[in-house]
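Note sheet for the following structure.
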Amino acid sequence: MDEAGAKYDRQLRLWGSHGQKSLAEAHILLLKAGPTGTETLKNLVLPGIGKFTVVDDENVGEADVSNNFFVTQEYLGKGRAETTCELLQELNPDVKGEFVVSDPVEFVTRDSTVLNTFTLVIATEMPEQNLLAIEEALLPHNVPMVVARTYGFIGVCRIVSHTHCVIESKPSPEPMEDLRIADPFPELEAFVDGIDLAAMDSKDFMHTPFVVVLVQLMKKWRAEHDNKLPTTMAEKKEFKELVKQQARKSWGEEENLLEAFDKAFLAYTPKEIPPEVSEEVFSHPYCGTEALPSGLGPFNMRFWVLARALKAFVEDQGSHPKLPLSGKLPDMTATTGMYVDMQRIYKAKADADANAVYDRCLGILQAQGLDMAIISREDVKEFCKNAYYIRVTQNSRISDEIDPAKVNKEDLEMAVMEGVGDSGPQSPLLMYIMLRACDRFHSKHGRFPGQNGRLELADSDETDIQLLLALAQEIGTELSLDSPLNLSSDHAKEFVRYAAVEMHNMAAILGGIASQEAVKLITHQYVVLSNIYVFNGITCTGASFAL
Amino acid sequence: MQETRDYIGSQSRVLVIGAGGLGCELLKNLALSGFRSIDVIDLDTIDVTNLNRQFLFRQKDVGRMKAEVAAEFIQKRVPGVSVTAHTCPIQEKDETFYRQFSVVIAGLDNIKARRWMNSLLHQMVETDDEGNVDPDSVIPLIDGGTEAFKGQARVILPMATSCFECSMDSFPPQVHFPLCTVAETPRKPDHCIAYVLFAINKSLSNPEADRIHEGFVEKFGAGTKLDKDDPAHMRFIFELAKDRANLFHIEGVTYMLTMGVVKNIIPAVASTNAIIAGACVNEAFKVLSWSSQSLNTYYMYNGTTGVYSYTFEYGRKPDCPVCNAEELRWSMDAEETLQALMDRLMSDSTLQLEKPSIAKPGLSLYIQKPEALRKQTEANLSKKLGDILESGDIITVTDPIYPAGQNISIIIKLD
C-alpha cells in the first residue's frame, strides 16, 4: 500500500479509490469563514479534497478567537479569509488552499463565470435573503450547494442541488442479491438440472447450495401446479414444507436446508425493478431520446447515457423485464467446487448482460454525436453491478421552500403533526420556523433579535421577543397549516437569548453533517439529504424535512 | 452564556477517554466551550491511517503517544487551557484518580473499555443508610461511538438512567469465521486469509497449516508472535492467502482486504466523528451547567441514506448486573456439571463475559486467576451442580471485564 493509500485507508473502505479520485479533483468554495464554515471545511481537507477557496470579508476579532479553531490570538485584526485558509491548509499537505477577501454575495454575483470552476459551494452564516441571491447565481452553472448554519443551540443543514445522480447508493443493510431463483436463466437451469441430489451421499447433500435446492424444488412445484409460482399464503407455506421434507437428518442439522427454508420466498418472488429506477430514472426527461444538455458535467453525462442504455436493455426484453445481473454471489453453505462453479455461471451471465448494455451505449453515444471514449466497458460493468441502486434525487429550491404557494405542503403538514406529537415545544420544525422568523427580523431591522451588545437579557429584549413571536406567527399564518403551530413566547425568548451567536460546539456538529453531505455529493455515492435537517441541541433531537 | 462558560471553566475538570477520531474532536470542542481543565487518557501511538480524521496529528507525529501530542496541540492552539495526558490503560487508574472529574466523556472504539469505565463509575456512587444516592458521588458518563456514516451519543447518569451494561444485548457478539468452513470449504477470499491467520496462531493443525506455521517461524524467528502492525507480517499473510485462494480458484484476495480481515478494520471518517463528538460535548456542557435539558438518553445518527436521526430513552434493565442490585435467576438441572454453568455464562448474550470465575459464600468453585487457584478448582468443573450447590444458593461471578469489586449474583434454582 502506498503512503496516500495508507493515510486514507479508513475512508477508502467506504468510497473506494474512484471516490477518492473525485474528492482529489474537487474544488470547494466556502462562503464565510466562521466556525461552522471552517469546521465543515476541516472535515473535507482531512479526507483530501483537491482544492478550496475561502471567501470572507471580515477581520479576526475576539469572538473568532473564542469560537473558531482555525483562528488564534496572533491573527487578531488580520483577514479572516487569509487566517483560516492558512490554518486549514496546514491540516493536509495534499490540499491546496486559496482565499479571496470579498463579501460572499458580491463574489458570487459579480462574475458568475468563475462559478464553473467549483465542484461544490458551502454557504455558512447566511440569512435567507443572501442565500436566495447565491442560489440564483448558481442555478445556470449546475453547481450544488450545502448550507450550514448554527444559531445558539439550533443548527440547520440544507442541500440545494437540481438533479443529483448516484450509481452507488450503497443501501445498508445490503439487500439480497437478485439470484434468479424464481426465474432461472438457461445457464443456471442447466447447471441445476445437472445435479442429482438423490444420488448424493449425506455429506455432499448438506453442502449443496440452497440456490440449487430451491431451483430444483420450484421446478418440481411448477410442473405440478400448471407452471405457476405459489401465490397464496397456503401455497407458500406448502412450498416451505416441501423444503423441510428434504431433510435427511433431523431438522436443523443440514445448514443448507435451513438457508433454503429461510430464503424460500426468493423462489416465489421474482425481484422487481424498484420504482426508484423504473420511475424516477427511466421516466426522467434526460432518459428520453432528445439530445442531452451539454452543461451536465462528465459524471452526469455518463450517467444518463448509461441510464438510457439500461432502459433500452430493459425495454427490449418484453413482458417480464429484468435488470442486468450483478454477478455477485453471497456466501452460502457449499463445497468450494460447487460454489466456485456457480459463481462462474452468475459472473458469465452478468458479463453478457453488461455487454448487451455496452452495445446500446455505443449506439446512444453515436446517435448523440458524443465521444465514444467517455464510457468504457468497466464503467458499464460497474453501472450494471449497481443497476438496482442507481438513484436520481432532486432537492427543492430555497425560493420554493419559502414561498407558501410552492412549498411542499404535504411534507410540511406531516412535519407539523410529527412535531406536535413527538417532542412538543422542542420540535425541530418549530425551531425551523423560529429561525425563519429571525431572518425576517433581520431583513426588517438590519440586525438579529437580541443583538444589542449586552450579555444579559435586557428590557429592550422584551420588545424583540414580542416582535419575533409575531413574525413567527405570521409565517405560520402564511403557510395556512391545518394544525396550529404551538409557538409561545418561550420560543421567542430563547432565540432572542441566542442573539445569532455561533457556539463552537454546535458549529462542530453542523460542520460534521454538512461535510458528510458534501462528500456524498462530490463522490456521487450514497443518498444525500432531502432537503433540510434541523438539529435541536437543547434536547439532542433532529429531523429531516423534504420542504 | 458567558457566565456559564466562566462557571464551567473554573469549577469543572473533565476526563476524555481516547485520543482518537472522537477524542481529537472532543478535546477541541471542550477547549472552545470554556473548559479549562481537561485530562485525556489513551495508551495508543499515532499511526499513518489516523491522519484522515485525527486532526491534531501530523505525519511527523507518527509513532508518538496520541494523548501527549493531542494535549500539546490543544494547549498551543487554545491558550489558557490545560490538558494533562495519561498514557496508560484506563484499568490502571483507580477510584482516587477518577474521583477528580466532574464528567467523563468516552470516545472509544471498543466495548471492553467502556464496560469497565461504566462499571467503575457505578461502583463509585455512594448511598446513605436508606439507599438514597449521594449526588456528589455521581459522575456522569457521556459515551460516543462511530462507524462509517453512523454514530451514537448517550448520556449515562449512574443509578439514574440506564447504563452501558443495560444495552449489552444490542451489541451482537463478534462474528468469527467458522473453523470448518475455513479449513474445508473456503468460498470467499476472507476464508483464505482467516486460514493463514489460524495457521500462524496454531488454531488449526493439519499438514498445510503446519507448513504455514513453520514458514512463519522460519521467516520471523521462533517465539515471534503475529504483529498486526508489522507490514512484513501482513505481507506474509497476504501472499499465502493468495496462494490458497489460487488453489481453490477463489478471486479477490488483496492486501487491503487482508488488513481488513486480520485487523477487523472499521471504516472511519472525519465527518461522523465531528457530529458525535459535538453531541457529546453539548451534553457535557449542559449536564455541568444545568443550562438546558439533557439528552434523554440515546441519540443515533445515520447518514448512509439521506439523514436520519433518532433520539430515545434507553430503558434501564431490571436485572442489569451493574446498575441494579437485583440478582439474576437461573434454572439449571441438578445433573448438569459446573462446566455447563460455565458454558452458559460464556454464551450469555447479555453478559458477554471473558473469563468468569465462580464462587459461593465461603467457597471458591472455579477461579481462573491466578493459575495456582485455577488448578486447585479445576476439578470442580466436572462435578454435578447438585453435588456442590443447594437449590436457591447465590453464586457470585467475577470477570476481568469488570473492575475489582464488581460482581454478578445469580440465584441458582436446581431442578
Name the helices (runs of 4 or more DSSP H) wholly inside region A:105-209 in which the number of residues that are closer than 30 Å to A:V45 by Cβ, touching a strand residue (DSSP E or B) at 6+ places or on another chain (Cβ under 7 Å) and in the same structural domain as A:A508 (by TED's automatic domain parsing) is 2 or more. A:128-138
So which of A:L471, A:L412 is in contact with a helix residue (DSSP H, G or I) (Cβ under 9 Å, 6 or more places away or on another chain) and modelled with pLDDT of 90 or more? A:L471
Would you be able to say whether some residue in region A:121-139 is buried (at least 16 other Cβ atoms within 10 Å of the Cβ) and within 14 Å of chain B (Cβ to nearest Cβ)? yes
Just checking, which of A:E401, A:E378, A:E382 is among the charged types (D, E, K, R) and within 30 Å of A:A472 (Cα to Cα)? A:E401
Among B:H191, B:H122, the single one that is within 14 Å of another protein chain (Cβ to nearest Cβ), surrounded by 14 or more Cβ atoms within 10 Å (Cβ to Cβ), modelled with pLDDT of 90 or more and in a helix (DSSP H, G or I) is B:H191
Could you say which residue among A:A267, A:A234, A:A309 is assigned to a helix (DSSP H, G or I) and in contact with a Cys (Cβ under 6 Å, 6 or more places away or on another chain)? A:A309
For region A:208-267, give me each residue that is among the basic types (K, R) and farther than 19 Å from A:D193 by Cβ. A:K228, A:K236, A:K237, A:K240, A:K244, A:R248, A:K249, A:K263
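Kindly indicate whether any position in region B:223-242 is in a helix (DSSP H, G or I), within 13 Å of another protein chain (Cβ to nearest Cβ) and of a type in the set (G, A, S).
Within region B:223-242 (the criterion being in a helix (DSSP H, G or I), within 13 Å of another protein chain (Cβ to nearest Cβ) and of a type in the set (G, A, S)), the answer is no, since none of the residues qualifies.
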When the residues of region B:378-410 are filtered to those that are surrounded by fewer than 19 Cβ atoms within 10 Å (Cβ to Cβ) and among the acidic types (D, E), which remaining residue is farthest from B:E165 (Cα to Cα)? B:D387
Quick one: B:F57 ticks every box in (1) surrounded by 19 or more Cβ atoms within 10 Å (Cβ to Cβ); (2) without any contact (Cβ under 8 Å) to a residue 24 or more places away in the chain; (3) part of a loop (DSSP other than H, G, I, E, B) except a single one, so which number is it? (2)
Which one of B:L15, B:L27, B:L43 is part of a loop (DSSP other than H, G, I, E, B) and at pLDDT 95 or above? B:L43
How many of the residues making up region A:50-74 are away from chain B (no Cβ under 12 Å) and not charged (D, E, K, R)? 8
Qualifying residue in region A:496-506 (condition: among the basic types (K, R), within 13 Å of chain B (Cβ to nearest Cβ) and outside any loop (DSSP other than H, G, I, E, B)): yes
Within region A:370-380, is there a residue that is surrounded by fewer than 16 Cβ atoms within 10 Å (Cβ to Cβ), of a type in the set (V, I, T), in the same structural domain as A:E290 (by TED's automatic domain parsing) and assigned to a helix (DSSP H, G or I)? yes
So in region B:67-99, with the set limited to residues that are over 26 Å from B:F57 (Cα atoms) and in contact with a Leu (Cβ under 8 Å, 6 or more places away or on another chain), which one is surrounded by the most Cβ atoms within 10 Å (Cβ to Cβ)? B:Y98
Under 7 Å between Cβ atoms, at least 6 apart or on separate chains: pull out the pairs that start in region A:154-171 with a residue that is at the interface with another protein chain (Cβ under 10 Å from one of its Cβ atoms) and buried (at least 23 other Cβ atoms within 10 Å of the Cβ) and end on any residue that is outside any strand (DSSP E or B) and of a type in the set (V, I, T). A:G155/A:I509; A:C157/A:I513; A:I159/A:V528
Out of all the residues in region B:286-319, which are among the hydrophobic types (A, V, I, L, M, F, W, C), closer than 21 Å to B:S12 by Cβ and at the interface with chain A (Cβ under 7 Å from one of its Cβ atoms)? B:L295
Just the residues that are at the interface with chain A (Cβ under 10 Å from one of its Cβ atoms), surrounded by fewer than 22 Cβ atoms within 10 Å (Cβ to Cβ) and in contact with a Ser or Thr (Cβ under 9 Å, 6 or more places away or on another chain), please, taken from region B:5-49. B:R5
Out of curiosity, is B:T272 of a type in the set (S, T, N, Q) and under 30 Å from B:A199 (Cα atoms)? no
How many of the residues in region A:98-141 are modelled with pLDDT of 95 or more, closer than 30 Å to B:F73 by Cα and of a type in the set (D, E)? 1
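Rundown of residues vs (1) farther than 30 Å from A:S294 by Cα; (2) small (G, A, S); (3) out of contact with any Lys or Arg (no Cβ under 6 Å at 6 or more places or on another chain), yes/no style:
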| position | (1), (2), (3) |
| --- | --- |
| A:D94 | yes, no, yes |
| A:D103 | yes, no, yes |
| A:V108 | no, no, yes |
| A:E136 | no, no, yes |
| A:L139 | no, no, yes |
| A:P144 | no, no, yes |
| A:G152 | yes, yes, yes |
| A:H162 | no, no, yes |
| A:C165 | no, no, yes |
Which pairs have Cβ atoms under 6 Å, sit 6 or more apart or on different chains, and link a residue in region A:282-311 that is under 14 Å from A:V166 (Cα atoms) to one that is of a type in the set (S, T, Y)? A:W304/A:Y286
Please work out which residue is nearest to the other protein chains (Cβ to nearest Cβ), limiting yourself to region B:51-85 and to residues that are charged (D, E, K, R) and within 28 Å of B:D6 (Cα to Cα). B:R77
Condition first: within 8 Å of chain A (Cβ to nearest Cβ), at pLDDT 95 or above and not in a loop (DSSP other than H, G, I, E, B). Now tell me which residues in region B:243-275 satisfy that. B:A270, B:S271, B:T272, B:N273, B:A274, B:I275
Only residues that are within 21 Å of the chain's Cα centre (by Cα) and of a type outside the set (V, I, T): list them for region A:38-53, please. A:E39, A:L41, A:K42, A:N43, A:L44, A:L46, A:P47, A:G48
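What helices (runs of 4 or more DSSP H), lying completely within region A:1-58, carry at least 3 residues that are crowded, with 19+ Cβ neighbours inside 10 Å and modelled with pLDDT of 95 or more? Even if it seems obvious, please write down each step before you answer.
On the way: elements: A:3-7, A:9-24, A:35-45.
The qualifying helices (runs of 4 or more DSSP H) are A:9-24, A:35-45.
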If you go through region A:81-97 one residue at a time, do you hit one that is more than 14 Å from chain B (Cβ to nearest Cβ), crowded, with 16+ Cβ neighbours inside 10 Å, assigned to a strand (DSSP E or B) and modelled with pLDDT of 95 or more? yes
Take the residues in region A:507-547 that are of a type in the set (S, T, Y) and in a helix (DSSP H, G or I), then tell me which one is farthest from the other protein chains (Cβ to nearest Cβ). A:T523
Taking B:E283 as meeting all but one of (1) facing another protein chain (nearest Cβ under 7 Å); (2) more than 18 Å from B:V16 (Cβ to Cβ), write down the number of the exception. (2)
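The values are calculated or read from the model by the stated rules, or taken from the named source; none is laboratory data. What you see is a predicted model, and the numbers here were worked out from it, not measured in a lab. Positions of Cβ are generated from backbone atoms using ideal geometry, with glycine treated the same way; all protein chains shown enter the neighbour counts.
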